[in-house]
Amino acid sequence: MKSLLIQGGRIIDPGRKLDEAGSLLIAGGKISWVGGAKDTPPDADYDVLDAKGLIVCPGFIDLHCHLRQPGFEEKETIASGTTAAARGGFTTVCCMPNTEPPLDNKTTVNYVKATAAAEGIIRVLPIGCISLGQSGEEPADMGELAAAGVVAFSDDGEPALNSKLMRRALEYSRSSGLPIIDHCEDKALSEGGQMNEGVVSAELGLRGIPNAAEDIIVARDLELAQLTGGWVHIAHVTTGGAVDLIRRAKEKGIRVTAEATPHHLTLTEERVKGRNTSAKVNPPLRTERDVKALINGLNDNTIDVIATDHAPHTEAEKRQQFDLAPSGISGFETALGSLMGLVHRGDISLVSLINKLTAVPAGIIGKKYGPGTLATGSLADVTIFDPTLEWTVDTKDFASKGKNTPLAGERLKGRVMATIYGGKVVYRDEGVTIEGS
Ligand code: DOR
């Protein structure tokens, strides 16, 4: 592979507190040199990617997505999902175990790893189940799953409602050092719920899911994390109450990390008006007050990372009436553009946004699985984006099979221009040129 010079961009590497104009040389799949914008790199033979006006940062790492394979290949495959992720600037994605069969044993985990190696274009790290078949009853063999290479455990949208099972999972987390990713939903309270419980659900005549359905399980699992010394990672936080609980737990020294999604950080329940199934997601889009609490949580690091919860579904499924349509938003390809809206509005800083997509998730999964840095000698996972380029979301351009996004037709400001995985350009926008030296 010929060396590649990424020339003259703004290099932001939050893990090393680096934010300066410069160039970066990639050789042998690694970052081999970082220098000033006008410095000449040591190597003489390289192609040049012109990054003038662009941000150059570590490849994005997504702790929470659904790739659907095995079992739901009509919604997504590892090939289509990783291509979509690369278009969104991601070089590492952690995939949830709610496949068919689920990732509750080493055979299915090995299948995902082998398929990702053969057909994926970026790094795929599987998450294993807590219970067999995500049943919430019999525990999965977490030791076997850890040995097979899962990076975390979760029963995803079927959370362990049995406190004893969650206690056991957190005990295993303590001994293995792997996090339990917790979808917090009291199913008795959310049963039949289609969207956030509030004014809009009343207007639409749809059954709602109250904030308390999330807050109750967050509170329980923070208690269990304290009891066991295990590590709970709260998935897709949506309520102001959950943010407060996590903040207080961190102050007490409980081992907790948390994530928020681009859609919960930027959209509200208003999007469901007209019974718009593309805005149906679980947990649901909440209120402006919750969105503000999430942004405060990002800014004081109560919320550690941003994760997409990319959840592709077919058009036929989403065309059904609201209560029959499945929950989920296809999120890889709009993540950066929608999150840059927060930066342009002054809600969060650009460096903090990149930090929560790179260095912080790298710290959670362990750096051997995704560097999250541009330090010399690291594997060359690099994302290059234009912070101000405006574009219209056209789902026909999505590489994901899931066209289910409430952002279809909208203008976003900020666009991924190139993604480099292990030194290889896996995505390049037509606006980016690479020329031989
Ligand atoms: O909206 C969601 N979609 N929430 C979940 O918990 C699961 C996910 C899916 O798998 O579609």
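The values are calculated or read from the model by the stated rules, or taken from the named source; none is laboratory data. Fair warning: this is a prediction, and the values are worked out from it, not measured in the lab. All Cβ positions, even for glycine, are placed from backbone atoms using ideal geometry, and neighbour counts span all protein chains on display. The protein model used for the area step is the full one, side chains on, heavy atoms only, and it has no ligands, DNA or RNA in it. Shrake-Rupley method; radii C 1.70, N 1.55, O 1.52, S 1.80 Å.
The set of residues from the range 374-400 being surrounded by 23 or more Cβ atoms within 10 Å (Cβ to Cβ) and of a type outside the set (A, V, I, L, M, F, W, C) comprises Asp381, Thr383, Ser400. Inspect the range 421-428 for any residue being under 30 Å from Lys280 (Cβ atoms) and not basic (Lys, Arg) and give the result as yes or no. Looking for residues that are under 30 Å from Lys280 (Cβ atoms) and not basic (Lys, Arg), one finds at least one in the range 421-428, hence yes.
Residues in the range 124-139 that are touching a helix residue (DSSP H, G or I) at 6+ places or on another chain (Cβ under 9 Å) and either without any contact (Cβ under 8 Å) to a residue 40 or more places away in the chain or under 14 Å from Ala79 (Cβ atoms) (or both): Val124, Pro126, Gly128, Cys129, Ser131, Gly136, Glu137, Glu138, Pro139. Return the residue satisfying two criteria in turn: it lies in the range 161-175 and is more than 18 Å from Ala258 (Cβ to Cβ) and touching a Gly at 6+ places or on another chain (Cβ under 8 Å), and of such residues it is least open to solvent (accessible area, probe 1.4 Å). Across the range 161-175, the extreme among qualifying residues is Leu165. Every test in (1) in contact (Cβ under 8 Å) with a residue 24 or more places away in the chain; (2) not in a helix (DSSP H, G or I) is passed by Met340 save one, and that test is (2). Which of the residues spanning the range 72-98 are farther than 20 Å from His236 by Cβ, assigned to a helix (DSSP H, G or I), open to solvent by less than 10 Å² (accessible area, probe 1.4 Å) and in contact (Cβ under 8 Å) with a residue 60 or more places away in the chain? Within the range 72-98, just Ala86 meets the criteria. Entry remark, the range 135-160: residues being open to solvent by less than 20 Å² (accessible area, probe 1.4 Å), away from the ligand (no atom under 16 Å from the Cβ) and not in a loop (DSSP other than H, G, I, E, B) number 3 in total. All conditions in (1) among the small types (Gly, Ala, Ser); (2) within 30 Å of Leu132 (Cβ to Cβ); (3) in a helix (DSSP H, G or I) hold for Gly192, with the sole exception of (3). Cβ-Cβ contacts under 8 Å between residues 6 or more apart (or on different chains), taken from a first residue in the range 252-269 that is touching a residue at least 12 places away in the same chain (Cβ under 8 Å) and at negative phi to a second residue that is surrounded by fewer than 22 Cβ atoms within 10 Å (Cβ to Cβ) and of a type in the set (Phe, Trp, Tyr), are listed as Arg255/Trp231; Val256/Trp231; Thr257/Trp231. Residues of the range 303-326 that are open to solvent by 10 Å² or more (accessible area, probe 1.4 Å) and more than 13 Å from the chain's Cα centre (by Cα): His313, Thr314, Glu315, Ala316, Glu317, Lys318, Arg319, Gln320, Gln321, Asp323, Leu324, Pro326. If only residues of the range 182-225 that are surrounded by fewer than 19 Cβ atoms within 10 Å (Cβ to Cβ), of a type in the set (Gly, Ala, Ser) and farther than 22 Å from Asn276 by Cβ are counted, the one that is farthest from the chain's Cα centre (by Cα) is Ala188.
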